Amino acid sequence: MIVVSDTSPIGSLYLVDRLELLPAVFGEVVVPEAVFQELLALESDFGHDLSSLKKAPWLIVRKVSDQQAVERFCQELDSGESEAIVLAQEMHADFLLIDESEGRQVAQREGLHVVGLLGMLMQAKRNGLITAIKPIMEELRSVAGFRIAEQLYKEVLIKMDE
């Protein structure tokens, strides 16, 4: 399975010390160079040591070939989202892991299959990797500043019998 990720899902999981869930659910995760640079910015922005992320064997950094497509998407999105969408297209990815609504809309318009962090957490629970999503969602909100619409929060809890 090929999964390309934007910054937010990886950064958010890193901030709540749940990064191990990504390779447990997806195996390898591919990120474009712009996303990797945004992740490295977390080191200075939040004062975290990212040495484990830099050495993670499951995190693959790839260069995007079609810079014109990236520039086109940058008219609507930031560089990380733009490169993630183009890389997902170039690699014929099974999923693009992305949370920002504008980025999701553009990716879906481009025919990509998107999944968000909450969808990944739901799969982690289905796979028996976690026993509950609610405490992780609360931690994502409080520690990582991850925004979850109240309706979506409730829907996830209902779907997961929590």
Q: Please find, among 126, 104, 109, the residue that is farther than 19 Å from residue 155 by Cα and of a type in the set (Lys, Arg).
A: 109
Q.
For the structure I just gave you, tell me whether residue 65 is loosely packed, with under 15 Cβ neighbours inside 10 Å, of a type in the set (Gly, Ala, Ser) and out of contact with any strand residue (DSSP E or B) (no Cβ under 9 Å at 6 or more places or on another chain).
A. yes
Q.
Residue pairs, Cβ under 7 Å, 6 or more apart or interchain, first in the stretch 138-154 and of a type in the set (Lys, Arg), second surrounded by 15 or more Cβ atoms within 10 Å (Cβ to Cβ) and outside any helix (DSSP H, G or I). List them.
A. 141/148
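Would you point out which residue out of 86, 114 is β-branched (Val, Ile, Thr) and out of contact with any Leu (no Cβ under 9 Å at 6 or more places or on another chain)?
Matching residue, one of 86, 114: 86.
Could you tell me how many of the residues in the stretch 29-86 are basic (Lys, Arg), modelled with pLDDT of 90 or more and not in a helix (DSSP H, G or I)? Step through it out loud before you land on a result.
Within the stretch 29-86, the first condition is being basic (Lys, Arg), and the residues that meet it are 54-55, 62-63, 72.
Checking which are modelled with pLDDT of 90 or more leaves us with 62-63, 72.
Adding the requirement that they be not in a helix (DSSP H, G or I) leaves 62-63.
Total satisfying the criteria: 2.
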**Q.** Selection from the stretch 68-92 of residues that are of a type in the set (A, V, I, L, M, F, W, C) and either surrounded by fewer than 21 Cβ atoms within 10 Å (Cβ to Cβ) or without any contact (Cβ under 8 Å) to a residue 40 or more places away in the chain (or both)
**A.** 69, 70, 73, 74, 77, 85, 91
Q) Any idea which residue in the stretch 1-28 is surrounded by the most Cβ atoms within 10 Å (Cβ to Cβ), counting only those that are without any contact (Cβ under 8 Å) to a residue 60 or more places away in the chain and not in a helix (DSSP H, G or I)? A) 19
Q) Taking the stretch 121-147 on its own, how many of its residues are modelled with pLDDT under 95 and β-branched (Val, Ile, Thr)? A) 1
Q. What is the number of the single condition among (1) crowded, with 20+ Cβ neighbours inside 10 Å; (2) β-branched (Val, Ile, Thr); (3) closer than 16 Å to residue 33 by Cα that residue 115 does not meet?
A. (3)
Q. What number of residues within the stretch 131-162 are within 20 Å of residue 17 (Cα to Cα) and either crowded, with 18+ Cβ neighbours inside 10 Å or among the aromatic types (Phe, Trp, Tyr) (or both)?
A. 6
Q | Of all residues in the stretch 108-128 being without any contact (Cβ under 8 Å) to a residue 24 or more places away in the chain and in a helix (DSSP H, G or I), the one that is farthest from residue 7 (Cα to Cα) | A | 126
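The values are calculated or read from the model by the stated rules, or taken from the named source; none is laboratory data. Owing to the predicted nature of the structure, the values given are computational and were not obtained by experimental measurement. All Cβ positions, even for glycine, are placed from backbone atoms using ideal geometry, and neighbour counts span all protein chains on display.
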